[in-house]
Amino acid sequence: KKCLHGIPYLYLLRYFRLTPLLAYALFAARIFKFAGHGAIWFHFQRSTIWATAEKYWWAVLLYVNDYVPYKDGYSAGAFEWTWYLANDFQFFLVTPPLILLYIYVSKRGTVGLILFMMACSAVLNFRVRTFLQQDSYMRP
């Protein structure tokens, strides 16, 4: 029972360990927009990176930027290179309950739950590929 109380604390520790540096990177990128000069700087300032960064900065800080916004088969949000942080944080949210299930509940039930989750993932992948006519991977 004691380990169940530590899970929200574990989530908060991870969030507050990762987020300040990411927030600083967002802030520095916002300041960087006004700090440049040169022959191609005008094109860099007018690019769509800044518009999406101003609109979807909250998705980066909540680690859902690999889902929001999802447009034309790929994420079109701010800081697209931070998809791994969002992905890693989402897996971190799912893993501790699965480990506790494996420890405190029957091992067969937990393995069955994991197999069920894998089957759901395969069905969703099939649905994305066939019904939505989109690739299930990020296009470069």
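Does any residue of segment 69-82 turn out to be modelled with pLDDT of 75 or more, in a helix (DSSP H, G or I) and either within 30 Å of G6 (Cβ to Cβ) or of a type in the set (V, I, T) (or both)?
yes
Just name the residue that is farthest from L85 (Cα to Cα) out of those in segment 34-68 that are at pLDDT below 75 and among the polar types (S, T, N, Q).
Here the residue is Q45.
What pairs can you find where one residue is in segment 85-105 and touching a residue at least 40 places away in the same chain (Cβ under 8 Å), the other is of a type in the set (D, E, K, R), and their Cβ atoms are less than 8 Å apart, with a gap of 6+ or different chains?
Taking only residues 6 or more apart or on different chains, the pairs are F89/R14; F92/R14.
Within segment 5-55, restricting attention to residues that are surrounded by 13 or more Cβ atoms within 10 Å (Cβ to Cβ), under 22 Å from V68 (Cβ atoms) and among the aromatic types (F, W, Y), which residue is farthest from the chain's Cα centre (by Cα)?
If we take residues in segment 5-55 being surrounded by 13 or more Cβ atoms within 10 Å (Cβ to Cβ), under 22 Å from V68 (Cβ atoms) and among the aromatic types (F, W, Y), then W50 is farthest from the chain's Cα centre (by Cα).
The values are calculated or read from the model by the stated rules, or taken from the named source; none is laboratory data. Fair warning: this is a prediction, and the values are worked out from it, not measured in the lab. Note that each Cβ is placed from the backbone with ideal geometry, even for glycine, and that neighbours are counted across all protein chains shown.
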